[in-house]
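Here's the structure we're looking at; comments come further down.
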Amino acid sequence: VTDGESLKKAITMSELAWSLMTSVGSSMGGFAAEYLGISTCFCMDSLSYFVSALFVWRIRGEYNAAVSPSLSSELLGSDNKNNDSNNSNNNDAITATSCIIDDDHNDDTAKSASSFFSLSQFTRMTNEGYQYLSTKPWGPFVFLKFCAALVYGAADVLNVSFSEQSKGNYIDNNTTVDDDANITEGNSQRLGILFGFVGIGCFLGPVIVDRFTDMDRVTSLERACVGSFLLMAIGCYGLSYSSSSVDEHGDHRNFLWVCAFTSVRSAGSSVVWVQSSLILQKFSDASMLGRVVSVDYALATLGEAFSAMCGGLLQDDAGLSAEEVSFWMAAVAFGTLVVWVVYLYVVRV
């Protein structure tokens, strides 16, 4: 519905709104779980969906895709072709309607044909999307979010671990029920605080980088994406050195550092999300944008799920601590940084 610098502002504002929600909502959830209980949190969460649905229902207006004049001419053709196409479509619609009326008695056959048409249409559109991306020089950029998700996907798992080890020592075989309760006291608060710092990082990252990027200079968007992987590497490396030592009161002295490096990591993931979206929105044709974005989001979801699974397996099966898993996340972030630097400044050139 918008383009150019307005598109940049729109995507950035959308990310900022999500970051604000993460910062405030997660912190509130942590304190609510600690003082009000899990059941109350689920009730509050359900109520928030009703409120969101109300806001969506209140949206009014008609919106069309923003298409540049040159692209409009390319996609839509001349006025005469449009008229001929419209007339042809109208005739086809009349014929199709007649066929539906004539065959209304055979619903099962119609449903089967419709299902087959949907499947064949899905296959055709998927193949067209693949062919479209494979022929474009910017096609590899659909893997930017995927590479970032390989890093930040395990963050949710690690945040739980960091929140649990930030009060008292680890539980051993001699731990009593009272000791167990004392050790786990405040875990929900600390988890909420950690997610709050995730939101802060996601909020500050795009705001700071915005002044150094320009939609008319694509290289500035590419450099921002490369820099985001460096931020994620620094954040994860800092988390790997967040010592689990405790003071005489049983509190981890470095929990604040965990929060700080969490913000650095989340700032990087937020920047790459915004800037990669801008690149794809800028270069994709309006007729193919839906398929491009679908592939982009699907790859990001796949990468996030794989990273979260690996983070859990490394802790449960391999016996690695949260700090050690963070170190491997930093290695993955640095590896993806090298891959994209090589592609942008060596291979593509």
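The values are calculated or read from the model by the stated rules, or taken from the named source; none is laboratory data. Every value quoted in this text rests on a predicted model; they were computed, and no experiment measured them. Because the Cβ atoms are built from the backbone with ideal geometry, glycine has one as well, and the counts that use them run over all protein chains shown. Quick note on the areas: whole protein, heavy atoms, side chains included, nothing else; ligands and nucleic acids left out. Shrake-Rupley method; radii C 1.70, N 1.55, O 1.52, S 1.80 Å.
Write out, first by first residue and then by second, each pair whose Cβ atoms fall under 9 Å of each other, whose residues are 6+ apart or on separate chains, and whose first residue, in region 307-323, is within 22 Å of ASN254 (Cβ to Cβ) and in contact (Cβ under 8 Å) with a residue 24 or more places away in the chain while the second is part of a loop (DSSP other than H, G, I, E, B) and of a type in the set (Ser, Thr, Tyr).
GLN315/SER321; SER321/SER244; ALA322/SER242; ALA322/SER244; GLU323/TYR241; GLU323/SER242; GLU323/SER243; GLU323/SER244
Condition check ((1) in contact with a helix residue (DSSP H, G or I) (Cβ under 8 Å, 6 or more places away or on another chain); (2) surrounded by 18 or more Cβ atoms within 10 Å (Cβ to Cβ); (3) polar (S, T, N, Q); (4) closer than 19 Å to GLY199 by Cα) across all residues:
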{"position": "LEU256", "(1), (2), (3), (4)": "no, no, no, yes"}
{"position": "LYS282", "(1), (2), (3), (4)": "yes, no, no, no"}
{"position": "ASP296", "(1), (2), (3), (4)": "yes, yes, no, no"}
{"position": "GLY311", "(1), (2), (3), (4)": "yes, yes, no, no"}
{"position": "LEU320", "(1), (2), (3), (4)": "yes, no, no, no"}
{"position": "VAL339", "(1), (2), (3), (4)": "yes, no, no, no"}
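Check region 15-36 and report whether any residue there is part of a helix (DSSP H, G or I), modelled with pLDDT under 50, among the hydroxyl-bearing types (Ser, Thr, Tyr) and exposed (fewer than 12 other Cβ atoms within 10 Å of the Cβ).
No: zero hits.
Do we find a residue being among the small types (Gly, Ala, Ser), part of a helix (DSSP H, G or I) and in contact (Cβ under 8 Å) with a residue 24 or more places away in the chain anywhere in region 332-339?
yes
Can we say SER277 is closer than 30 Å to ASN127 by Cα and modelled with pLDDT under 90?
Taking the combined requirement at face value, the residue does not satisfy it.
Quick check on TYR241: is it farther than 19 Å from GLY199 by Cβ, of a type in the set (Phe, Trp, Tyr) and modelled with pLDDT under 90?
Yes; evaluated as a whole, the condition is true for this residue.
Cβ contacts < 9 Å: first residue open to solvent by 80 Å² or more (accessible area, probe 1.4 Å), restricted to region 121-143; second residue assigned to a helix (DSSP H, G or I) and of a type in the set (Val, Ile, Thr), any location; separation 6+ or different chain. Result?
Pairs that qualify, where the first residue is open to solvent by 80 Å² or more (accessible area, probe 1.4 Å) and the partner is assigned to a helix (DSSP H, G or I) and of a type in the set (Val, Ile, Thr), are TYR130/VAL295.
Name the residues in region 280-327 that are acidic (Asp, Glu), under 30 Å from ARG124 (Cα atoms) and not in a helix (DSSP H, G or I), would you? Give the steps one after another, and end with the answer.
First, pick out the residues of region 280-327 that are acidic (Asp, Glu): 285, 296, 304, 316-317, 323-324.
Now restrict to residues that are under 30 Å from ARG124 (Cα atoms): 285, 296, 304.
Residue satisfying the conditions is ASP285 alone.
List pairs: first residue in region 25-40 and aromatic (Phe, Trp, Tyr), second residue open to solvent by less than 60 Å² (accessible area, probe 1.4 Å) anywhere in the structure, Cβ distance under 8 angstrom, at least six positions apart or on different chains.
Final answer for the pair search is PHE31/SER188; PHE31/GLN189; PHE31/GLY192.
What pairs come up if the first residue lies in region 214-226 and is within 14 Å of VAL272 (Cα to Cα) and without any contact (Cβ under 8 Å) to a residue 40 or more places away in the chain, the second is polar (S, T, N, Q) and not in a helix (DSSP H, G or I), and their beta carbons are under 7 Å apart, counting only those six or more places apart or on different chains?
Hits for this filter: SER220/THR213.
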